[in-house]
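The values are calculated or read from the model by the stated rules, or taken from the named source; none is laboratory data. Quick caveat, the model's predicted, so the values are computed rather than measured. Methodologically, a virtual Cβ is constructed for each residue, glycine included, from the backbone with ideal geometry; neighbour enumeration extends over all protein chains shown. Surface areas here come from the heavy atoms of the whole protein model, side chains and all, with no ligands, DNA or RNA. Shrake-Rupley method; radii C 1.70, N 1.55, O 1.52, S 1.80 Å.
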Amino acid sequence: MTEPRHPDRPAAPPAPTVASSVTGEILGDLTTKRRRPDPTAIVIFGATGDLAGRKLAPALFNIMLDNAMAEPTLIIGVSRGELTAQQFADQLSPRVTEFSRQKVEPAAWTKFASTLDFVGGEFDKDATYTALKAKLDAAAAKGTRGNRVFYLSTPPAVFPLILQKLQQHALIERAVQQPGKPSCRVIVEKPFGRDLATARQLNEMIGSYLHESQIYRIDHYLGKETVQNILVLRFGNSIFEPLWNRNHIDYVEITAAESIGIEGRGAFYEATGVVRDIIQNHLLQVMSLVTMEVPASFAADDIRDEKSQVLRSVRNLDLNDVANHCVRGQYRGYRDEDGVAHDSQTPTYAAMRFMIDSWRWQGVPFYLRAGKKLAERLTEVNIHFRAVPLVLFKEEAAGSVLQPAVLTLRIQPHEGISLRFVAKVPGENINVGNVLMTMTYADAFKRPISEAYERLLLDCMRGDATLFNRRDSVDRAWELIQPVLQIWEATPGVHLYDPGSVGPPAADEMIGRDGHSWRELVRG
Ligand code: BG6
C-alpha cells in the first residue's frame, strides 16, 4: 500500500495518466435456441395512425436493414380511407425518415416499400375483411405460408369488433400454437383496460377469440435493451444476487421522468392520466424484473411466472397508504391544452410507495414516480444499499459523510449502469469522496441499441412471448393501482407543479418522511 506523503518529502513524479475506460467483450449468445422469425404477413389495424408512423413502420424498416426479417415479410396496413400501396408507402416515408434509427437510403426504402400493401375500409364492414383475406391469400402464395400477425394499433373499444370480424372471415382461429403449422398471433397495444374490471372483460373477450399463446400484450418498456439487461445483470453475475435483498438494500427508486408534455393527446390523456399511462404497465413491469426470484429457466413462462409471483407479493394499498404514500401532481398549463377540462384533476405526475411482503423484500420500500414536463428526460432504477455500521469511522460526522452505495440501472437516455461508492481522497486525513463508476452500452460494446419495437416485433414473428405481458400480471398490476385510481378519482387534490421542475414538493416530503430522497432531476 502506498504511504501517505510526508510534507517534507519531495513530491513523487506524476503517475502516468491512465484513461478511465470501459471495455466490453462480447462473450456469446445465451439464447442459442432463438429462432429466426418466420416469413409472415403483418397486418396493422390503424395503419395511418401515429403509432404506425412513429414506431411500427420505422421498427420494421430497421429490422429489414439489419437483415433480421425473414423473406418474405409483407406488411398490410388497414385503415379508413382509400390508399393504394404506393400512396400508403408515400405517407409513411417522411415518418420513417424522421423516426428511423438508421438512415433511410433510397434503395433500402424502395425495397421496404415493395413489402407494403394497404386495405382501406371501415372496421365494421365485411368488405374490409374480404379485401384483407384476398391480400393474405396472395401473401401466402408469395411465401408467408399462412403465418400472420395482426397488430391492433387502435383504441381498445374497437378490439371486439375487429376480432369478431377476423373470426367471422376465418382470418383468426383460436388454437394453441403448434410448431410447423401456420401461426396466427395478435399484438394488443395498451391501454389494456382502464381498471381491473375492464381489463378482465377485455381479457375474457380476447380469450374467447384467441388462445393465450396467440395473445401478445405489448409493453414497449420490456423491449428496451436496458430493461432486458436487468436479468443478465442480476443472474449473470454472482456478485449482485447475494446482495439483492432486504439485508443489504435500503430502498429502491424507479423513475420515469419525461420532459415532454402530452403532445396534443389531450382527450386520450384526460381519460388516462399518468398512473394508467406509465405506472400500471411500464413501471410495475420494471419493478417486477428488479424484484422477481430466479426463474427456473429463461423460457417465456418461467420468467413470466416469477414476475407474476412477485407482483402477487406486493402489498395492497389501503386508504392510509394512498393518503400518506402516494402523491399526484399536474403541470401548470396542462388545463390549457386542447381536449383538457379547465378544472381537470388528471395527474400528469405520480409518486407512490409499494412494499413487498416476501422473504427477500420485507421492509424495503419501492418508490415509483413518473411525470410529464419535468426537468429532465430520464428513466432509471436506483438501488440504494444500506449504510455501513459507523463504529469503524469514529468521527461523529461520518454518518453524514459516508453515503451508502447506489447502483443505478440507467434505462434511458445514455443507457448503462453506474455504481456510486465512497473512496478515500488521497492525502493524510481520511477524507472520503463519492466515486461514480459508469458503464454505458455505447462505450462498452460499440453497438447501436435497437428500438424496443424492433425487438418486440421480431420476437412476436418468432413466437417468443417472454417480453410480452401475460394476463395474470396485467390483472395484478390493475389490482395494485386500483385503490389509487378510485380514491384519486373520487377526491380532488392534485398538486400543481411548474413545467421543467422536479415535480410537486409533496413527493419529496412523502419520501422524506421515510428518511429517503429522490435522485435529483437536473434541467438539461
Ligand atoms: C407511452 C406513453 O407508453 O410511453 C407515453 O403512452 C410516453 O405517454 C411513452 O410518452 C414514453 O415512452 P419512451 O419509450 O419514450 O420512454
For the range 167-231, what is the largest minus smallest coordinate of the Cα atoms on each principal axis, given in angstrom and ordered from greatest to least? 39, 35, 16
Tell me, what is the FRET efficiency for V158 and N429 to the nearest 0.05, using R0 = 51 angstrom and their Cβ-Cβ distance as r? 0.15
Taking every DSSP bridge whose two residues both lie in the chain, the antiparallel percent to the nearest 5 is 55
Accessible area of the range 434-485 belonging to carbon and sulfur atoms, whole % at 1.4 Å probe: 57
Could you state the angle between the C-alpha long axis of helix 225-236 and the longest principal axis of the C-alpha atoms of the chain, as a value from 0 to 90 degrees rounded to the nearest 10? 60
Return the ratio Rg/(2.2 N^0.38 Å) for the range 226-369, where Rg is computed over Cα atoms only. 1.20
Cross-link pairs K307/K373; K133/K165; K190/K307 - those with Cα-Cα distance over 21 Å: K307/K373
If you build the convex hull over the alpha carbons only and average its shadow over all orientations, what do you get for the range 64-132? Give it in nm² to one decimal. 5.2
Which lysines, on any chain, are close to K111 with Cα under 16 Å apart, when same-chain ones fewer than 8 places away are left out? K103, K142
Can you give me the solvent accessible area of T115 with a 1.4 Å probe, rounded to the nearest 10 Å²? 30
The summed charge of the N324 Cβ neighbourhood (under 11 Å; Lys/Arg +1, Asp/Glu -1) stands at -2
Neighbourhood net charge (13 Å Cβ-Cβ; Lys/Arg +1, Asp/Glu -1) for A139: +1
Loop-resident trypsin sites (Lys or Arg not before Pro) in the range 173-250 with no more than 16 other Cβ atoms inside 10 Å, DSSP not H/G/I/E/B, are R174, R246
Which one of Y209, Y497, F421 is farthest out on the positive end of the charge dipole of the chain, using unit charges on Cβ (Lys, Arg +1; Asp, Glu -1) and the Cα centre as origin? Y209
Can you compute the label reach from V422? Point 7 Å from Cα along the Cβ direction, backbone N cut-off under 20 Å, restricted to the range 360-388. 383-388
Keeping the other protein chains in place, figure out the carbon and sulfur percent of the accessible area of the range 205-318, with a 1.4 Å probe. 52
Loop-located GluC sites (Glu not before Pro) in the range 442-524, at most 13 other Cβ atoms within 10 Å (DSSP): E520
Within the range 170-250, report the GluC sites (Glu not before Pro) that DSSP leaves as loop and that have at most 16 other Cβ atoms within 10 Å. E173
What distance in nm separates the simple spin-label points at R35 and A444, each placed 7 Å from Cα in the Cβ direction? 3.1
Regression test value, accessible area per residue of the range 26-131, probe 1.4 Å, units Å², expected 50
Lys/Arg +1, Asp/Glu -1 at C-beta; the chain dipole; positive extreme among I172, F99, Q330: I172
Roughly how many Å² is the accessible area per residue of the range 244-337, as a whole number, for a 1.4 Å probe? 36
Å² per residue, accessible surface of the range 438-494 at 1.4 Å: 39
Whole-number percent relative contact order across the range 64-132, with pairs defined as alpha carbons under 8 Å at least 6 apart: 48
